[in-house]
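To start, the structure under review is shown below, and the notes come after it.
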Amino acid sequence: MRLVKIGVAAVSQKVADFAGNTNRLRAVIETARADRVHLLVTPELCISGYSLEDRVWWPDIARRSWTALESLAPLCQGISVFVGLPVRMNSLIYNGVALVHDTKIRGLIFKKYLPTYSIFYEGRNWTPWNGGVTEYRGVPAGDLVFRMPYGMVSAEVCEDLWSPQSPARARVQLGAEIVCNCSASPFTPRKNEARKRLVQGAAAGLSCVYAFANTLGLDNSRLVFDGGGIIAKPERLVAVGPILSKKTWTLTSGVVDLDEISRTRAENSTWRATANGTPADCLGRVVAVEGDYRSAMLGEYVAAMPPDFFSADEAQESNEAKAYLDELFDALVLGLRDYFEKVGAFQRFLIALSGGRDSALCLLLAVHAARAFKEGTEAARFAERVHTIYLPNDAFSSTATHDAAKALAAELGVPFKVVSIKEEAALALAKAGEILGDPAAVTPLAKQNLQARVRGAMMLNWANSAFGLLLVTSNLSEAAVGYTTTGGDNQGGYSPIANLPKTLVGRLLEHIAKRDGIRSMQQILAMPPSAELAADQQDERDLMPYVVLDDLLYLFARRRMSLADCWRVLCHRRKEHSPEQLREWTGKFGRLFAQNQWKREQLPVSMKVLELDLDPKTGFRFPVTQSIQDELDELSSALPG
């Protein structure tokens, strides 16, 4: 991981107050250095003040601004800082940002788009940068990307972000992984919400990290600036600074992984085609900046991660989290109903209830889908179209799961039937021993799987005669590690929750049960997950805690982290477990994930509702035969981060 800590500063300025503005910037830089920030972004024209208006015509403004910049440079030991200032070049005045790194001014980037609407009249004083690269006071100036010790960095200025032809587009084609925006964006109510959407959109559209810094306070008696500051990566906001602070400056920071940006670009064919479409010499110049790089603290990076990778960032009881779960449930219902109706070959849903979470969620989806048939005009007939069955093996099936399954079916108003598999399981076990020539040769795993295969065959036969769509109740976590039985519980007509990890299944059930007042769901949620294929079996004892498994699933399969880095992240996220226990689970996950692609190739049709999808037919093309031994060896000797 290339962990880089970025800071965005909101700074109060006063027009032409070079001493006061510089002192505030000095305090920000010193604080950022102490906080081990790698890259600091400050506001637009923060040395001179933004609202210069005709004051910019006086030559001393640009001259004093450069002198102030030179006075700040010695403070920038071991840190990169973008600083905004006016630059007079060949009688033209440009709105520029200078990059200072390791006490030296490394280059200048100029504002391209000048607003002349609303309260803005920048075209009166400033010259837009028309492109290309030149030199000013011995440093490169113009369309630049800086190759820093930690990655590729560029910048743009305020309005450039708001333009549909943002200069950042060319700069990311040159390789920029971080785009910084030095801004002076005046306050209006809720404008910062629009900025957050804009910055997040830029990060996503450009496949980059985008860091936005804004002016704070009243700078020349008319305009109020609300400060703030935003750091975003393609899929989410990393950090958002406070607005309308009463302080003279604020500093907000966040840690990003630039390897994640490289991986995203490498996988995105549209981005690759765009980046490869224009000759580099038409875009600008890359400036190499020498220096050392020490990674940001892994603990800070992990602390900013969402507590749940597969759900809303907010606390579970927040309105946003509830809306997320409502939308997810509605999408699953819509997909299931449309599959049923558009195939046109079925008369009813069939679900094998186990008394567990997965089958309970499938039943809920089926009931809601049946209520929605024919645009909801036949909702009263839903019970005719949802049939359930409980298939116990007396040796291992418990009264608790039977009672939970029966209670849920009754509360939802659908038929419930019990058919024992005791005789069939005993016969299958006997025949397995006969085939092997020795009943003792039947392995414990085979004894478990044959029960699932008996159930699978019975359900498929039922579907043939009942004209039913047999719902497969396996989830994403099980698919990841092969915790399913081929020819058994992973066989059927449609797999509605195959894209949901186990932890999200639980959260969704809890939410819907509370929202809709489903009392019997508490019996199901109170029991530890179990396939009930062996005495006292518990899924998490067989595998690992689902919160750990799902973290590993996201980090390894979605973020493409190495197993060693996955483990390092877990050491910070799951401190209730020892590092060595987490290392053991990480290795186990890696082996199971790599060994079970052959099972994932055979999974039934399913719908995609999350970004991570293991279905090889819809985007996850993982080799069936491969080795991850090198990763496992690296994991075995890895040190915590």
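Criterion applied to R285, R272 was being closer than 20 Å to R147 by Cα, free of Cβ contacts under 8 Å to residues at least 60 places away in the same chain and over 20 Å from the mean Cα position of the chain (by Cα), and the one residue passing it is R272. For A304, the conditions (1) under 19 Å from the mean Cα position of the chain (by Cα); (2) closer than 17 Å to L509 by Cα; (3) surrounded by fewer than 18 Cβ atoms within 10 Å (Cβ to Cβ); (4) not β-branched (V, I, T) are fulfilled apart from (2). Evaluated against (1) surrounded by fewer than 20 Cβ atoms within 10 Å (Cβ to Cβ); (2) at negative phi; (3) out of contact with any strand residue (DSSP E or B) (no Cβ under 7 Å at 6 or more places or on another chain), M561 falls short on exactly one condition, (1). Out of the range 332-369, which residues are within 33 Å of the chain's Cα centre (by Cα), over 12 Å from T388 (Cβ atoms) and aliphatic (A, V, I, L, M)? Listed by number, the residues that qualify are L332, V333, L334, L336, L361, L365, A369. Please work out if A379 is in the same structural domain as V472 (by TED's automatic domain parsing), farther than 22 Å from D536 by Cβ, among the small types (G, A, S) and at pLDDT below 95. So A379 fits the description; yes.
Within the range 97-111, is even one residue touching a Pro at 6+ places or on another chain (Cβ under 7 Å) and in a strand (DSSP E or B)? Within the range 97-111, one or more residues are touching a Pro at 6+ places or on another chain (Cβ under 7 Å) and in a strand (DSSP E or B).
Taking the stated definitions as given, is Y117 out of contact with any Phe, Trp or Tyr (no Cβ under 8 Å at 6 or more places or on another chain) and farther than 23 Å from N23 by Cα? Spelling it out, Y117 is indeed out of contact with any Phe, Trp or Tyr (no Cβ under 8 Å at 6 or more places or on another chain) and farther than 23 Å from N23 by Cα. The residues of the range 278-290 that are surrounded by 15 or more Cβ atoms within 10 Å (Cβ to Cβ) and either at pLDDT 90 or above or under 19 Å from M1 (Cβ atoms) (or both), listed by number, are R285, V286, V287, V289.
Answer yes if at least one residue in the range 265-277 is among the charged types (D, E, K, R), farther than 20 Å from V302 by Cβ and either buried (at least 21 other Cβ atoms within 10 Å of the Cβ) or in contact with a strand residue (DSSP E or B) (Cβ under 7 Å, 6 or more places away or on another chain) (or both), and no otherwise. No; the residues of the range 265-277 include none that is among the charged types (D, E, K, R), farther than 20 Å from V302 by Cβ and either buried (at least 21 other Cβ atoms within 10 Å of the Cβ) or in contact with a strand residue (DSSP E or B) (Cβ under 7 Å, 6 or more places away or on another chain) (or both).
If you check S65 against the conditions, is it in the same structural domain as I230 (by TED's automatic domain parsing), under 27 Å from S166 (Cα atoms), hydroxyl-bearing (S, T, Y) and at pLDDT 95 or above? Judged against the criteria, S65 is a match. Out of curiosity, is E53 in the same structural domain as R222 (by TED's automatic domain parsing), more than 23 Å from R294 (Cβ to Cβ) and in contact with a Cys (Cβ under 6 Å, 6 or more places away or on another chain)? Spelling it out, it is not the case that E53 is in the same structural domain as R222 (by TED's automatic domain parsing), more than 23 Å from R294 (Cβ to Cβ) and in contact with a Cys (Cβ under 6 Å, 6 or more places away or on another chain). Suppose we filter the range 102-115 for residues that are in contact with a helix residue (DSSP H, G or I) (Cβ under 9 Å, 6 or more places away or on another chain) and surrounded by 24 or more Cβ atoms within 10 Å (Cβ to Cβ); how many remain? Qualifying residue count, the range 102-115: 2.
Specify the residue that is nearest to V41 (Cα to Cα); the eligible residues are those in the range 227-240 that are touching a residue at least 60 places away in the same chain (Cβ under 8 Å) and surrounded by fewer than 24 Cβ atoms within 10 Å (Cβ to Cβ). The qualifying residue nearest to V41 (Cα to Cα) is A239.
A residue that is closer than 27 Å to A266 by Cα, surrounded by fewer than 17 Cβ atoms within 10 Å (Cβ to Cβ) and without any contact (Cβ under 8 Å) to a residue 60 or more places away in the chain can be found somewhere in the range 572-592. Against the list (1) surrounded by fewer than 13 Cβ atoms within 10 Å (Cβ to Cβ); (2) part of a loop (DSSP other than H, G, I, E, B), the condition T127 fails is (1). Please go through the range 47-90 and give me each residue that is out of contact with any Lys or Arg (no Cβ under 6 Å at 6 or more places or on another chain), outside any helix (DSSP H, G or I) and of a type in the set (V, I, T), ordered by number. Residues satisfying the conditions are I47, V81, V83, V87. Report, by residue number, each residue of the range 4-46 that is outside any loop (DSSP other than H, G, I, E, B), more than 20 Å from V153 (Cβ to Cβ), in contact (Cβ under 8 Å) with a residue 60 or more places away in the chain and of a type outside the set (A, V, I, L, M). Listed by number, the residues that qualify are S12, R24, T31. Being of a type in the set (S, T, Y) and more than 37 Å from the chain's Cα centre (by Cα) is a description that applies to T116. Could you please let me know if E384 is assigned by TED's automatic domain parsing to the domain that holds L332 and crowded, with 18+ Cβ neighbours inside 10 Å? No, not satisfied. Which of the residues belonging to the range 149-159 are surrounded by fewer than 24 Cβ atoms within 10 Å (Cβ to Cβ) and in a strand (DSSP E or B)? Hits for the range 149-159 are G151, M152. Looking across the range 243-255, just one residue is over 13 Å from V41 (Cα atoms) and at pLDDT 95 or above, and that is V255. Quick one: is L174 farther than 26 Å from Y117 by Cβ, in the same structural domain as A266 (by TED's automatic domain parsing) and at pLDDT below 95? Considered against the rule, which asks whether it is farther than 26 Å from Y117 by Cβ, in the same structural domain as A266 (by TED's automatic domain parsing) and at pLDDT below 95, L174 comes out as yes. Considering only residues in the range 607-637 that are assigned to a helix (DSSP H, G or I) and not acidic (D, E), the one that is farthest from E327 (Cα to Cα) turns out to be S637. One residue stands out in the range 375-405 among those that are among the charged types (D, E, K, R) and without any contact (Cβ under 8 Å) to a residue 24 or more places away in the chain: the one that is farthest from E341 (Cα to Cα), namely R381. Looking only at the range 441-493, residues that are hydroxyl-bearing (S, T, Y), touching a residue at least 60 places away in the same chain (Cβ under 8 Å) and crowded, with 22+ Cβ neighbours inside 10 Å come to 4 in all. Against the test of being under 41 Å from the mean Cα position of the chain (by Cα), of a type in the set (D, E, K, R), in the same structural domain as D160 (by TED's automatic domain parsing) and within 21 Å of I230 (Cβ to Cβ), the options R33, R24 yield a single qualifying residue, R24.
Of all positions in the range 266-286, none carries a residue that is among the β-branched types (V, I, T), over 30 Å from N130 (Cβ atoms) and assigned to a helix (DSSP H, G or I).
The values are calculated or read from the model by the stated rules, or taken from the named source; none is laboratory data. Quick caveat: nothing in here was measured; it's all calculated off a predicted structure. For neighbour counting, all protein chains shown are included, and Cβ atoms are generated from backbone atoms with ideal geometry for every residue, glycine included.
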